[in-house]
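The values are calculated or read from the model by the stated rules, or taken from the named source; none is laboratory data. All figures in this text were calculated on a predicted structure; none of them were measured in a lab. Heads up, the Cβs are rebuilt from the backbone with ideal geometry, glycines too, and the neighbour counts pull from every protein chain shown.
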Amino acid sequence: MSDWSYRETPRPTTFIQWKGTDLCADFYCVCGNQFHIDSEFVYAVQCPHCERRYELSARLELREMPSEEAWDGCPVVKGDPD
C-alpha cells in the first residue's frame, strides 16, 4: 500500500487495519459503471468496464447520526477510550 492510504483525512474518519479478511463490496467508478467484488486480500481493484485501477484506502469517511436515528435495528457499538 502506498502512503496515500494512511494519510490523515478530515475528521470524522476511521482507520481500518486491512488484515487480508474477506471483502464483499460494491464499487462505483468515475466512468459511471459499478462492479462487485467478493474476494480475500483485496488491497486494489480494477473496473472491468474502463480498466481504471483503484487502491483501497485505510481511512473511511464517517457520517454523524442524530441521536434519535435508528439504523434498521442494528445496535450502535460504543468504543473504548484509549
Taking interchain pairs and intrachain pairs at least six residues apart, which have beta carbon atoms under 7 angstrom, with the first residue in the stretch 43-57 and of a type in the set (Phe, Trp, Tyr) and the second assigned to a loop (DSSP other than H, G, I, E, B)?
Tyr43/Met1; Tyr43/Trp18; Tyr43/Leu56
In the stretch 31-69, how many residues are surrounded by 10 or more Cβ atoms within 10 Å (Cβ to Cβ), assigned to a loop (DSSP other than H, G, I, E, B) and at pLDDT below 90?
8
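Phe27 - would you say it is outside any loop (DSSP other than H, G, I, E, B), in contact (Cβ under 8 Å) with a residue 24 or more places away in the chain and surrounded by 11 or more Cβ atoms within 10 Å (Cβ to Cβ)?
For Phe27, the condition - outside any loop (DSSP other than H, G, I, E, B), in contact (Cβ under 8 Å) with a residue 24 or more places away in the chain and surrounded by 11 or more Cβ atoms within 10 Å (Cβ to Cβ) - is met.
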For residues that are surrounded by 12 or more Cβ atoms within 10 Å (Cβ to Cβ) and outside any strand (DSSP E or B), tally how many sit in the stretch 13-24.
1
